[in-house]
Amino acid sequence: MTWKTNASRIVYDNAWIRVLEDDVTNPGGGSNQYAHVRFKNIAVAVLPIDEKGHTRLVGQSRYTLGEYSWELPMGGSPVDEDPLEGARRELAEETGLVAAEWIELMRLHTTNSITDELAIAYIARELTCGQSSPEETEDISVRSLPVGDAVQMALDGEITDAVSVATLLRYAFENQIRVTI
């Protein structure tokens, strides 16, 4: 047996998310209430890599965490937009970088027990520098460092954003980057 939705109500709705509470029949046949978040954007993350093997991290204060966070350049791409266009925009907006080469690295669901959020991570190469234009809510610092150092930051818990960590570890695995565990 699979999950069956018997009734659904919107608890909260804005331009980015919709929170629903559903009355469901679970796979075991029991009844439950299940709250979940539906995202109205696709998360896009970018691992920019320059000719020296350096990447860029963005640092910013995250309201939800109440702390400063280092992560890959990322943001939301509306579902009716090509996610690659969203990734291009976010990279330029947050770092000022423009890339000539783009490779999709991976797709993942961020927290699939409570949300349907899809994240797509890209590698960006052949970088040129331009002018960044962060949004009003973003007070961003940009840090350039070797990709291996960024991977080490993820392993050491200095980068905790799930999409950033997954992207860096996938890249490290595929490219046999040596790190200390």
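Nothing in this text is a laboratory measurement; each read-out follows from the coordinates by a stated rule. Being a predicted model, the structure only gives us computed values, none of them experimental. With ideal geometry, Cβ positions are generated from the backbone for all residues, glycine too; neighbour counts draw on all protein chains shown.
For the stretch 1-109, which GluC sites (Glu not before Pro) pass both filters: DSSP loop (anything but H, G, I, E, B) and at most 13 other C-beta atoms within 10 Å? Hits after loop and neighbour filter: Glu51. Listed values for the stretch 171-181 are Karplus-derived 3J(HN,Hα) couplings in whole Hz (6.51 cos²θ - 1.76 cosθ + 1.60, θ = phi - 60°), namely 4, 4, 4, 5, 10, 6, 7, 7, 9, 9, 9, and x replaces Gly and Pro.
Sequence-ordered 3J(HN,Hα) estimates for the stretch 104-120 from the Karplus curve with 6.51, -1.76 and 1.60 and θ = phi - 60° stand at 6, 8, 6, 10, 8, 9, 5, 8, 6, 7, 10, 8, 9, 4, 9, 10, 10 Hz, glycine and proline given as x. The chymotrypsin sites (Phe, Trp or Tyr not before Pro) found in the stretch 1-61 that occupy coil by DSSP, while having at most 13 further C-beta atoms within 10 Å, are Trp3, Trp16. The alpha-carbon atoms of the stretch 52-104, seen along their principal axes, cover 35, 34, 18 angstrom, with the largest extent given first.
Sorted fewest first by neighbouring Cβ atoms within 10 angstrom, Val37, Val58 come out as Val37, Val58. Where does helix 83-95 land angle-wise versus the long Cα axis of the chain, in degrees 0 to 90, nearest 10? Taking the Cα atoms of the chain, the angle to 83-95 is about 50 degrees.
As a rough footprinting exposure proxy, the listed residues Met153, Met106, Met74 were ranked by other beta carbons within 10 Å of their own, and the order from fewest upward is Met106, Met153, Met74. Leu65: net charge of surrounding residues, Cβ under 14 Å, Lys/Arg +1, Asp/Glu -1, itself excluded? Neighbour charge sum, excluding Leu65 itself: -3. Remark on Met106: its backbone amide H falls under 5 Å from those of Ala121, a criterion applied only to residues 5 or more positions apart or on other chains, H modelled at 1.01 Å from N. Dipole magnitude for the chain: about 460 debye, using +1 per Lys or Arg Cβ and -1 per Asp or Glu Cβ, origin at the Cα centre. Taking the DSSP beta bridges with both ends in the chain, the antiparallel portion is around 85 percent. Which shape class, rounded, prolate or oblate, goes with the stretch 1-81 when its Cα gyration tensor gives a ≥ b ≥ c as root eigenvalues, a/c under 1.5 marks rounded, and past that a/b bigger than b/c marks prolate? Prolate. Couplings 3J(HN,Hα) for the stretch 38-45, derived from phi with the Karplus relation 6.51 cos²θ - 1.76 cosθ + 1.60 (θ = phi - 60°), are 9, 8, 9, 10, 9, 6, 10, 10 Hz, where x marks Gly and Pro. Label zone of Asp116 (point 7 Å out along Cα→Cβ, amide N under 19 Å): in the stretch 49-91 this covers 76-83. Between the alpha-carbon centres of the stretch 15-36 and the stretch 62-98 there is a gap of 29 Å.
Listing Trp102, Trp70 from fewest to most neighbouring C-beta atoms within 10 Å gives Trp102, Trp70.
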